[in-house]
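**Q** For reference, the structure I am asking about is given below.
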Amino acid sequence: MKKSAPRILVARIWHESNGFNPQPTSAADFQISEGDELLTAAATSGSTLAGIIQQLSKEQVDILPSLSVVAPPSGLVDHAFFLKVKERLISDAIALKPDAIALELHGAMGTTLVEDAEGDLLAGLRAAVGEKVPIGVGLDLHAHVTDAMLAAVDICIACKENPHSDVIECGEKVAAYLLAMLNGSLRPVTAMAKIPMILPGAAETATGPLREIHDQARVATKECPAIWDVSLFNVFRYADDEDIGQAAVVLTNDAGSKGELVAETLARAFWEKRARFADDLLSIGEALDTVAAATSHRPFVLADMGDRVLAGAPGDSTAILEAALRRRDGLRGAIPITDPHAVDIAFEAGVGNIVSCAVGGRITPGFNSLPITGKVIHLSSGDFTLAGPFQGGEPSSMGRTALVEIDNRLLIVLTAKAAFSHDPAVFASQGIELASRDFFVVKSGYHFKLNFGAAATPLLVRTPGVGYYTKGSLFYRKARFWPEHDTVAPAVNVRIFDRAAS
Ligand SMILES: [Zn+2]
């Protein structure tokens, strides 16, 4: 009798939740797709889910789409909405009876009630489908990986690069390893070693200490065929969760003790290199001076590190705008600012009219609004599609958006929602020609470099807000980690997860 094709359920639930952003993230903030629409949209996007679908499509597999739920990083997710999503995924898994489940999750989602949302989701899913159905998860490397997550799944791996240039490869691996489990060639045993520290800087993987630790991981993988994957999780810094730390997660084919050794060595490497995890950022004045003095390399793209929407900050900082207004050098800039109230005022005024109002500073604790007078030159729904490569092809929304020009030189992109700004499509959708600007601002620290490529020269700027960690700047009640707390050598906590043995 011909063996029937394996049936694999796919889904994505993606949110990075900043516990210091006071505004919860609600259903309206998410892009939701399901069924065939999910398959068509996700198949070609720059996402882990795309990698999963592309890999499964190469094999004789029935792909069963459940749902895709994605929002920009922001405040904690409304718990009632999370429960709805969780129930939907679980009811699909029960109804469809898949042979395996492949998921893209972020891994640093928290709700207004539950700290470890992915752990809760995966434990619920495992309980619903039973012990035998393989579950594979592709995470962001900024995930906060927990025991609850690893106890519930068989495969748990991250992309390796920051900026995340390899999310598709991560998804391909998740799918391939699930198929290997189904054909009996992989018996996954995972080791995780965690050390209670965060990276205060040097968070990119192509250079510096992270490059060295990844090189170590690559050597270990090459030397031992039983090691199928080493994922190094640089935990999201803006969640006040227990047990946060740098996590080395080693997936082996039935070689737990080897995995344990490698995981522990890598976790220790983070500690040994800790003094080098520091950034060299420019002050706002230094960044604008650099722009003003430059005779080439325009436009410059200024990363507003403190107010990074890509780290869950509200995007409502006026710090760079205020500094640019104070200067007399006539720099031409474009600056996104989240402010639904100011957007309403601009829409009431209409295109071509002058508005005087206060903008920004309404959400982030400690920020203030800034009074401006400018001309409304464009109004839109704020819907656009990311150009990528990171998240390319994904629909996104800034909410209603108004473009206001001050002094014929500074364009303020006022958005009703905290918006992704790490992509040229944000500015193109508002009719802004970046080449005509001296500088523009993005609320991103890393991924914008991928998406703007050679179109602009990046400058990383030290700005206030809840999207950049400096010691003592954020009030952690539960999380305990270096450098915020103890500075003595912390213990490395190593655990092994062997679901087949349990
Ligand atoms: Zn990330």
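**Q** Within a Cβ distance under 12 Å of A42, other residues only, what is the Lys/Arg minus Asp/Glu net charge?
**A** Its environment carries a net charge of -4.
**Q** Once Rh for segment 1-107 is found with the Kirkwood sum over Cα pairs, what is the Stokes-Einstein diffusion coefficient at 20 °C and 1.002 mPa s, in µm²/s?
**A** Taking Rh from Cα pairs, D becomes 146 µm²/s.
**Q** Once you have the Cα-Cα distance between N493 and S473, take 0.36 nm times their residue separation minus that, and quote the gain in nm to one decimal.
**A** The span from N493 to S473 would gain 4.5 nm if fully extended.
**Q** One-quarter of the Cα convex hull surface for segment 284-461, in nm²?
**A** Quarter of the Cα hull surface area: 8.8 nm².
**Q** Moving to a separate point now. Just need the Rg to Rh number for segment 39-184, please, alpha carbons only, Kirkwood Rh. Mind dumping the intermediate values first?
**A** Values: Rg = 14.3 Å, Rh = 15.4 Å.
My calculation of the ratio gives 0.93.
**Q** Strictly under 4.7 angstrom between C-beta atoms: which cysteines of the chain have no such partner?
**A** When partners are defined as cysteine Cβ atoms under 4.7 Å apart, the chain leaves C156, C224, C357 without one.
**Q** Any idea how many Lys pairs in segment 1-138 come in under 29 angstrom at the alpha carbon, given 8 or more places apart or on separate chains?
**A** 14
**Q** I want to check the label-to-label distance for D329 and K58. Put each point 7 Å from Cα in the C-beta direction and report it in nm to one decimal.
**A** 5.0
**Q** Per q in 0.17 1/Å, what log10 I(q)/I(0) does a Debye calculation on the alpha-carbon atoms of segment 414-496 return?
**A** -0.84
**Q** Would you kindly give the portion of the calculated P(r) for the chain that falls above 46 Å, as a percent of all Cα pairs?
**A** When all Cα pairs of the chain are counted, 11 percent exceed 46 Å.
**Q** Can I ask one more? Taking Cα pairs under 8 Å and at least six residues apart, what relative contact order does segment 284-461 come out at, in percent?
**A** It rounds to 33 percent for segment 284-461.
**Q** Can you give me the pair-distance distribution of segment 215-298, C-alpha pairs, 10 Å bins, whole percents?
**A** In order of increasing distance, the bins hold 15, 31, 21, 17, 12, 4 percent.
**Q** log₁₀ I(q)/I(0) of segment 96-146 at q = 0.18, 0.19 Å⁻¹, via Debye over equal Cα point scatterers, no solvent, to two decimals?
**A** Evaluating at q = 0.18, 0.19 Å⁻¹ gives log10 I(q)/I(0) of -0.60, -0.66.
**Q** Taking Cα centroids, how far is segment 168-209 from segment 36-100 in Å?
**A** Using only Cα atoms, the two centres lie 19 Å from each other.
**Q** Quick check: pseudo-label points 7 Å beyond the Cα along Cα→Cβ at H485 and E131, how many nm apart are they?
**A** Result for the modelled spin labels: 3.4 nm.
**Q** Quick check: residue separation of A27 and I94 times 0.36 nm, minus the Cα distance between them. What number comes out in nm?
**A** Details: separation 67, 0.36 × 67 = 24.12 nm, distance 2.38 nm.
Extra length from A27 to I94 when fully extended: 21.7 nm.
**Q** How large is Rg/Rh for segment 1-57, to two decimals, with Cα atoms and a Kirkwood Rh? All intermediate terms of the calculation are to be shown ahead of the outcome.
**A** Values: Rg = 15.8 Å, Rh = 14.0 Å.
Rg divided by Rh gives 1.13.
**Q** For the chain, what is the charge dipole size about the Cα centre, in debye to the nearest 20, if Lys and Arg each add +1 at the Cβ and Asp and Glu each add -1 at the Cβ? Let's see the in-between values first.
**A** On the way: 45 positive and 59 negative charges, 77 e Å.
Once rounded to the nearest 20, the dipole reads 360 debye.
**Q** Could you please report the charge total around T364, scoring K, R as +1 and D, E as -1 over all other residues with beta-carbon less than 11 angstrom from its beta-carbon?
**A** -1
**Q** How far apart, in nanometres, would the label points at K3 and T295 be if each is projected 7 angstrom from Cα along the Cα-to-Cβ direction?
**A** 6.9
**Q** If you don't mind, another one. For segment 1-157, give me the percentage of DSSP beta bridges that are antiparallel, rounded to the nearest 5 percent.
**A** 15
**Q** Let me ask something additional. On the Cα set of segment 111-195, report Rg and Dmax in Å, please.
**A** 13.4, 41
**Q** In deg cm²/dmol and to the nearest 500, what is the mean residue ellipticity at 222 nm of the chain if only DSSP H runs of at least 4 residues count, each as -39500 (n - 2.57), divided by the residue total?
**A** After summing the helix terms and dividing by residue count, I get -8500 deg cm²/dmol.
**Q** If you keep only loop residues by DSSP, which trypsin sites (Lys or Arg not before Pro) in segment 432-502 have at most 15 other Cβ atoms within 10 Å of their Cβ?
**A** Working: sites: R437, K443, K449, R462, K471, R477, K478, R480, R495, R499; in loops: R437, K443, R462, K471, R477, K478, R480.
In loop regions of segment 432-502 (DSSP not H, G, I, E or B), the sparsely surrounded trypsin sites (Lys or Arg not before Pro) are K471, R477, K478, R480.
**Q** Continuing with this model, one more query. Within 15 Å, Cβ to Cβ, of T205, how many net charges do the neighbouring residues add up to if Lys/Arg are +1 and Asp/Glu are -1?
**A** In short, -2.
**Q** Still on this structure, I have one more. Of A334, L310, A294, which is farthest towards the positive pole of segment 274-347's charge dipole, taken about the Cα centre with +1 and -1 on the beta-carbons of Lys, Arg and Asp, Glu respectively?
**A** The listed residue farthest towards the positive side: A294.
No value in this document is a laboratory result; all are computed from the given coordinates. Please read all numbers here as calculations on a predicted model, not as lab measurements. Quick reminder, even Gly has a Cβ in these numbers, built from the backbone with ideal geometry, and neighbours come from all protein chains shown.
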